Amino acid sequence: MKNGECPRCKSRDIRVKHRGLEAQGSNGFYLSLSNFGSISMYSDPAELDTFICTTCGLVENYIGNPDLLSRVAEKWDRVAG
């Protein structure tokens, strides 16, 4: 969707809001980077860029912070496939 086209319906009417998803009264959510799995001092706030297709309603969120992405790659399990 970042390229301006919806992967589901191929519409080009895509809207974006940087820091678009709100949780707990802030412009972000907490991303667990520990083995404990809960929000704690081992979690980091992650601001999301939210893309919405105004034709079919598909929503995609992206974390824009490369440092946080590299930490996720170290801590989270890889999806088999």
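Bear in mind these aren't lab numbers, they're just calculated from the coordinates by the rules spelled out. Fair warning: this is a prediction, and the values are worked out from it, not measured in the lab. As a convention, Cβ positions derive from the backbone with ideal geometry for all residues, glycine included, and neighbour counts pool all protein chains shown.
Going by how many other beta carbons lie within 10 Å of each one, how would you line up THR55, THR50, fewest first? Display every interim value, and only then the final one.
On the way: THR55 14, THR50 17.
Listed from fewest to most nearby Cβ atoms, that is THR55, THR50.
Points 7 angstrom from Cα along the Cβ direction at ASP49 and VAL79: gap in nanometres?
With each label point 7 Å from Cα toward Cβ, the separation is 2.0 nm.
Calculate, in nm to one decimal, what LYS2 and GLU60 gain on full extension: separation in residues at 0.36 nm each, minus their alpha carbon distance. Working shown, then result.
Values: separation 58, 0.36 × 58 = 20.88 nm, distance 0.90 nm.
My answer for the length gained is 20.0 nm.
For ARG19, ARG78, what's the fewest-to-most ordering of other Cβ within 10 Å of each Cβ?
ARG78, ARG19
Could you please rank ASP49, ASP77, ASP67, ASP13, placing first whichever residue has the fewest other Cβ atoms within 10 Å of its Cβ? Before the final figure, lay out the partial values.
Details: ASP49 16, ASP77 5, ASP67 8, ASP13 13.
The fewest-first ordering by Cβ neighbours comes to ASP77, ASP67, ASP13, ASP49.
Counting Lys and Arg as +1 and Asp and Glu as -1, what is the net charge of the other residues whose Cβ lies under 10 Å from the Cβ of LYS2? Mind showing how you got there, number by number?
Working: positive: none; negative: GLU5, ASP49, GLU60.
Counting the neighbours of LYS2, the net charge comes to -3.
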